[in-house]
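Take a look at the structure below.
Coordinate-derived values only; no laboratory data. Because the structure is a prediction, the values reported are computed rather than measured. When we count neighbours, we look across all protein chains shown, and the Cβ atoms used for this are built from the backbone with ideal geometry, even at glycine.
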Amino acid sequence: MSLAFYFDHHVPRAAAIGLRFRSVDVLTAYEDGSNRWGDREILDRATHLNRVLVTQDDDFLVEAATRIRKGIPFSGVIFAPQTRVSVGKLVSNLELVAGAVSQEEIENNVLYLPL
């Protein structure tokens, strides 16, 4: 089974559309109504839904590091810096990750893109 993603509001909508054309399960914070929530709440929401958070906001790296240090479980974070990853590269990298990485492998971890 492939990973399901939760996009925060920093990830371009075009990436969600591109992944959906490739049959990858994506839910965005806008669609879920959490786009105005704080980082902690958004990561909690993704975890509650058993989805890996995809972000281009480096504040989530701090939140993930805090959780790792304190032993607070989370469903995983994929970070792609805006200046280093085009939408096309983001889509192709996320499609690869969705099919090659298990939920157990990414839980409580951060994966950095591009691959």
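The trypsin sites (Lys or Arg not before Pro) of the range 24-115 meeting both criteria, a DSSP state outside H, G, I, E and B (loop) and at most 15 other C-beta atoms within 10 angstrom of the site's C-beta, are ARG36, ARG84. Rounded to two decimals, what is Rg over Rh for the chain when you use alpha-carbon atoms and the Kirkwood radius? Result: Rg/Rh = 0.92. Which helices, counted as full DSSP H runs in the chain, have an axial Cα extent of no less than 15 Å and a Kyte-Doolittle average of 0.5 or above? Long hydrophobic helices here: 87-100. The charge dipole of the chain, taken about its Cα centre with unit charges on the Cβ atoms of Lys, Arg (+1), Asp and Glu (-1) only, comes to about 180 debye.
Label points 7 Å out from Cα along the Cβ direction at ARG84 and SER23: separation in nm? In this crude label model, ARG84 to SER23 measures out at 3.2 nm. Projecting label points 7 angstrom from Cα along Cα→Cβ for GLU104 and ASP58 puts them 3.5 nm apart.
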